[in-house]
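Engineer: Take a look at the following structure, please.
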């Protein structure tokens with residue numbers, strides 16, 4: 001009796017610790033900055049932006065979900081996928097088909113798109129997950145290529161009938177609908193941001209609980225994780241399913257955003273650029289996903305505004321990948337604050353250095369301040 | 001159902017395409033075995049070389065000079081990349097080293113889009129003098145370019161096999177494929193051997209870029225991602241055997257082209273390399289060979 005009591009109380013303590021772990025914000029400053037940024041993105045930004053940038057910032061919100069999923073796979077579990085662009089296409093296709101075929105509310109449709117994508121992703125992932133490292137990356141590249149070829153032939157739905165929903169003869173193509181509360185571009189931008197925040201919360205909750213710990217163990221060493229009693233296949237598949245789910249949801253939002261989808265707008269190159277920006281943004285940090293999306297979607301818009309050729313950006317991404325892999329594996333999200341800190345320290349030292357000497361010329365400006373105190 | 005006489009012509013073009021895939025696949029496997037790097041920029045390097053050739057021919061330079069520039073460009077760019085990033089990433093996971101070559105792919109792709117933006121009207125093309133001359137075999141029209149493509153594939157596979165088996169440099173490369181550290185301890189100048197492997201792979205990239213630009217199309221993204229087809233052949237051979245790579249490449253090329261006359265399948269013929277590679281990878285994974293190998297490597 002006493003034994004079970006201590007056992008249950010111990011279990012309660014563990015459960016309490018777990019809850020505390022979930023609740024305790026890692027760094028209060030970080031949390032408040034995050035909240036401030038989210039509020040700014042939701043309320044201030046749509047008022048400040050032109051229509052041009054609203055469109056691109058909507059894409060940033062959408063692609064931040066995609067890079068979040070990719071960052072989860074690469075950074076947290078160590079599964080390199082070169083096929084996330086194709087997963088996004090599956091989500092967009094499913095959502096577009098359902099939006100044309102049914103009158104269901106938009107949120108229901110994007111959740112369904114997420115679930116269908118998750119199902120397809122898991123079916124594809126189940127055999128692929130047996131492979132590791134380089135071979136997994138290559139099989140995802142092959143599958144992405146295959147899906148792109150299939151969708152280029154099947155085409156995206158344009159309001160036609162049948163399973164594919166594509167009618168080549170159609171003269172008037174109806175646009176893919178948006179939710180009634182988010183008909184305008186700026187309202188749809190807010191809608192996309194809210195969905196993105198929900199996805200980030202979903203992934204964050206995973207990372208702070210059992211699956212997150214299991215993934216961390218798997219990334220460190222799969223045999224060790226296996227020895228510790230973690231069902232590695234199950235958790236790897238879980239990560240795969242979660243990433244597919246959120247990418248599918250991003251695809252659904254993308255369908256509503258674009259209004260018209262064409263297979264010519266998707267290519268195998270996208271999947272590679274996605275991995276490139278995810279690595280540049282940083283895969284070990286959730287902010288990295290946002291930075292990656294800004295790099296991929298906002299930077300081209302800014303450059304286009306300045307009249308710079310998009311090809312320069314492709315070159316920049318290439319250099320970025322090489323730089324990240326050789327010198328800064330944590331990506332911009334971790335590297336940038338560090339560099340700023342270093343730079344701050346350097347400036348601080350440069351400013352401070354002349355003072356101990358207190359030579360007349362060097363302390364001319366600094367000395368005045370010192371004198372007044 | 002198309003008749004055999006319709007299919008025959010596609011058999012010839014398929015063999016030629018397979019020959020070039022074999023050329024690229026063997027280049028990829030040899031470099032991978034010697035240095036541990038899967039060179040995913042193979043297609044982009046060849047494509048850029050082909051564009052340089054196109055530009056030189058437009059400037060009415062002699063054809064042979066333009067072709068040599070294409071091939072040398074491949075060798076030099078690959079060698080430079082290998083010399084800079086080979087040592088920098090030597091201690092890292094094979095996956096990271098493969099992903100890094102995607103960086104080079106993007107740089108070259110961007111440069112090509114910048115220098116040769118898509119044209120709306122005139123289509124760019126390279127034509128080799130061997131395109132229009134040819135001969136007829138059992139009623140089939142065969143061009144010399146097709147003969148060169150298949151022949152190069154065969155000669156190169158046999159040549160590389162002989163080279164790896166009987167020459168000193170080849171032996172050094174095989175030793176490095178087994179264990180880099182021990183090979184270095186035995187006094188093999190591994191940096192020089194690696195440089196030779198990089199340069200050789202680049203030469204092949206330039207050569208296959210030239211042939212593919214002629215046989216397929218001179219367009220940056222198409223040529224860059226054709227590497228995936230030869231990669232599929234290399235994967236079927238588990239990145240090890242050049243003989244298997246050769247035959248897999250021929251099968252991919254022939255199946256791809258022979259599907260063309262089938263109305264129901266013609267749009268799906270580009271799936272050929274992906275489907276074959278996925279099946280091969282999954283078949284391999286059933287025997288867990290990759291599991292043990294990759295855990296040894298990491």
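Values quoted throughout were computed directly from the atomic coordinates according to the rules given, and no laboratory measurement underlies them. Bear in mind the structure is a predicted one, so any value in this text is a computation, not a measurement. Note that each Cβ is placed from the backbone with ideal geometry, even for glycine, and that neighbours are counted across all protein chains shown.
Engineer: Mind checking the mean number of beta-carbon atoms from other chains within 10 Å of the Cβ atoms in B:85-96? Mind showing how you got there, number by number?
Structural biologist: On the way: counts 3, 0, 0, 4, 3, 0, 0, 3, 4, 4, 10, 7.
Mean partner-chain Cβ count within 10 Å for B:85-96: 3.
Engineer: Output the relative contact order of chain A, whole-number percent, from Cα pairs under 8 angstrom with separation of 6+ residues.
Structural biologist: Details: 461 pairs, mean separation 102.1, N = 373.
For chain A, the relative contact order is 27 percent.
Engineer: Using 0.36 nm per residue, how much length does the chain from residue A:30 to residue A:227 gain when fully extended, once their Cα-Cα distance is taken away? Could you put the intermediate results ahead of the total?
Structural biologist: Numbers: separation 197, 0.36 × 197 = 70.92 nm, distance 3.55 nm.
Gain in length upon complete extension: 67.4 nm.
Engineer: Let me ask you something else. Taking the Cα atoms only, what angle lies between the long axis of helix B:4-35 and the longest principal axis of chain B, rounded to 10 degrees?
Structural biologist: Approximately 20 degrees, to the nearest 10.
Engineer: Taking R0 as 51 Å, what FRET efficiency do you get between residue B:168 and residue B:144 from their Cβ-Cβ distance, rounded to the nearest 0.05?
Structural biologist: Details: r = 35 Å, r/R0 = 0.69.
With R0 = 51 Å, the Cβ-Cβ based efficiency is 0.90.
Engineer: For chain A, with a Gaussian network of springs between Cα atoms less than 10 Å apart, report the residue from A:94, A:117, A:13 with the top mean-square fluctuation.
Structural biologist: Fluctuation is largest for A:13.
Engineer: Another question, then. Once the principal axes of the Cα atoms of the range B:4-297 are found, what is the range along each, listed largest first in whole angstroms?
Structural biologist: 56, 46, 35
Engineer: With a 10 Å radius around each residue's Cβ, average the other Cβ atoms per peptide and rank A:168-176, A:107-115, A:137-145, A:202-210, highest first.
Structural biologist: A:137-145, A:107-115, A:202-210, A:168-176
Engineer: Applying 1/(1 + (r/R0)^6) with R0 = 35 Å to the Cβ-Cβ distance of residue A:194 and residue A:338, what FRET efficiency is obtained, to the nearest 0.05?
Structural biologist: On the way: r = 31 Å, r/R0 = 0.90.
According to the calculation, E is roughly 0.65.
Engineer: Here is a further query. Kindly list the residues of the range A:263-292 that lie in the label zone of residue A:306, defined by a backbone N under 18 Å from the point 7 Å along the Cα-to-C-beta vector.
Structural biologist: Inside the label zone: A:292.
Engineer: Relative contact order for chain B: what is it in percent, counting Cα pairs under 8 Å that are at least 6 residues apart? Working shown, then result.
Structural biologist: On the way: 446 pairs, mean separation 112.2, N = 298.
Relative contact order for chain B comes out at 38 percent.
Engineer: Let me ask something additional. Rounded if a/c is under 1.5, else prolate if a/b is larger than b/c, else oblate: which is the range A:128-214, with a ≥ b ≥ c the root eigenvalues of its Cα gyration tensor?
Structural biologist: Judged from the Cα gyration tensor, the range A:128-214 comes out oblate (a/c at least 1.5, b/c at or above a/b).
Engineer: Something else: Averaged over its residues, how many other protein chain Cβ atoms are within 10 Å of peptide A:152-159's Cβ atoms?
Structural biologist: Counting other chains' Cβ atoms within 10 Å and averaging over A:152-159 gives 1.
Engineer: Separate question: When the helices in chain A are scored as -39500 (n - 2.57) per DSSP H run of 4 or longer and the sum is shared across all residues, what 222 nm value do you end up with, to the nearest 500 deg cm²/dmol? Spell out each step's value before the answer.
Structural biologist: Values: 18 runs with 272 residues, N = 373.
Calculated mean residue ellipticity at 222 nm is -24000 deg cm²/dmol.
Engineer: How many angstrom separate the Cα center of the range A:51-129 from the Cα center of the range B:177-211?
Structural biologist: 41 Å
Engineer: Okay, moving on. State the extension gain, in nm to one decimal, for the chain segment bounded by residue A:164 and residue A:38, taking 0.36 nm per residue of separation less the distance between their alpha-carbons. Don't jump to the answer; show the numbers that get you there.
Structural biologist: Working: separation 126, 0.36 × 126 = 45.36 nm, distance 3.82 nm.
In short, 41.5 nm is gained.
Engineer: Comparing A:214, A:12, A:301, which has the greatest mean-square fluctuation in the GNM of chain A with Cα pairs linked when under 10 Å apart?
Structural biologist: Evaluated over chain A, the most mobile residue of the options is A:12.
Engineer: Still on this model: Tell me, Kirkwood radius of the protein assembly as shown from alpha-carbon pair distances, in Å?
Structural biologist: Details: mean 1/r = 0.0366 Å⁻¹.
The Cα-based Kirkwood calculation yields 27.3 Å.
Engineer: Sum -39500 (n - 2.57) across every DSSP H segment of at least 4 residues in chain B, then divide by the residue count to get the 222 nm mean residue ellipticity, nearest 500. Before the final figure, lay out the partial values.
Structural biologist: Details: 13 runs with 220 residues, N = 298.
Helix-only estimate at 222 nm: -24500 deg cm²/dmol.
Engineer: Order these by the 10 Å Cβ neighbour count, fewest first: A:50, B:230, A:267. Display every interim value, and only then the final one.
Structural biologist: Details: A:50 9, B:230 30, A:267 18.
The order, fewest Cβ neighbours first, is A:50, A:267, B:230.
Engineer: Top mean-square fluctuation among A:71, A:281, A:165, Gaussian network model of chain A, C-alpha springs under 10 Å?
Structural biologist: Maximum fluctuation in the GNM of chain A, among the listed residues, is at A:165.
Engineer: Quick check on the exposure proxy: order B:181, B:6 from fewest to most C-beta atoms within 10 angstrom.
Structural biologist: Values: B:181 9, B:6 13.
Going from least to most buried by this count: B:181, B:6.
Engineer: Report the equivalent ellipsoid semi-axes for the range A:153-256 in whole Å, largest first, defined as the square roots of five times the eigenvalues of the gyration tensor built from alpha carbon atoms. Show your work: numbers first, answer last.
Structural biologist: On the way: eigenvalues 307, 79, 11 Å².
Listed largest to smallest, the semi-axes of the range A:153-256 are 39, 20, 7 Å.
Engineer: So, one more: Output the peptides A:57-63, A:306-312, A:340-346, B:83-89 sorted from most to least packed, where packing is the average of other Cβ atoms within 10 Å over each peptide's residues. Mind showing how you got there, number by number?
Structural biologist: Values: A:57-63: 25.1, A:306-312: 12.3, A:340-346: 10.0, B:83-89: 16.1.
In decreasing order of mean packing, A:57-63, A:306-312, A:340-346, B:83-89 become A:57-63, B:83-89, A:306-312, A:340-346.
Engineer: Roughly what would the spin-label model give for residue B:64 and residue B:222, points 7 Å off Cα along C-beta, in nm?
Structural biologist: Result: 3.0 nm between the two label points.
Engineer: Related question: Could you work out the relative contact order of the range B:20-109? I mean the mean sequence separation of Cα pairs under 8 Å and 6+ apart, divided by the number of residues, in percent.
Structural biologist: Values: 62 pairs, mean separation 34.4, N = 90.
It comes to 38 percent, rounded to a whole number.
Engineer: Now for a different question. Can you tell me the 0 to 90 degree angle between the C-alpha axis of helix A:84-101 and the longest principal axis of chain A, rounded to 10?
Structural biologist: So the inclination is approximately 50 degrees.
Engineer: In terms of the Cα gyration tensor, with a ≥ b ≥ c the square roots of its eigenvalues, is chain A rounded because a/c is under 1.5, prolate because a/b exceeds b/c, or oblate? List each step's numbers first, then the result.
Structural biologist: Values: a/c = 1.81, a/b = 1.27, b/c = 1.43.
Since a/c reaches 1.5 but b/c is at least a/b, the shape of chain A is classed as oblate.
Engineer: Now for a different question. Does anyone have the angle between helix A:185-207 and the longest principal axis of chain A? Alpha-carbon axes, 0 to 90°, nearest 10?
Structural biologist: Once rounded, one gets 80 degrees.
Engineer: Which number comes out as Rg/Rh for the range B:184-267 once both Rg and the Kirkwood Rh are worked out on C-alpha atoms? Don't skip to the answer; put the middle values down first.
Structural biologist: Working: Rg = 16.7 Å, Rh = 15.2 Å.
Across the range B:184-267, the Cα-based Rg/Rh ratio is 1.10.
Engineer: Moving to a separate point now. For B:257, B:270, B:179, which order do you get if you count the other beta carbons within 10 Å of each Cβ and list the fewest first?
Structural biologist: Numbers: B:257 22, B:270 19, B:179 11.
Sorted ascending by nearby Cβ count, the order is B:179, B:270, B:257.
Engineer: Okay, moving on. Given a Förster distance of 60 angstrom, what is the FRET efficiency for residue A:12 paired with residue A:47, based on the Cβ-Cβ distance and rounded to 0.05? If you can, show how the numbers build up before the last one.
Structural biologist: Working: r = 49 Å, r/R0 = 0.81.
So, using R0 = 60 Å, E works out to roughly 0.75.
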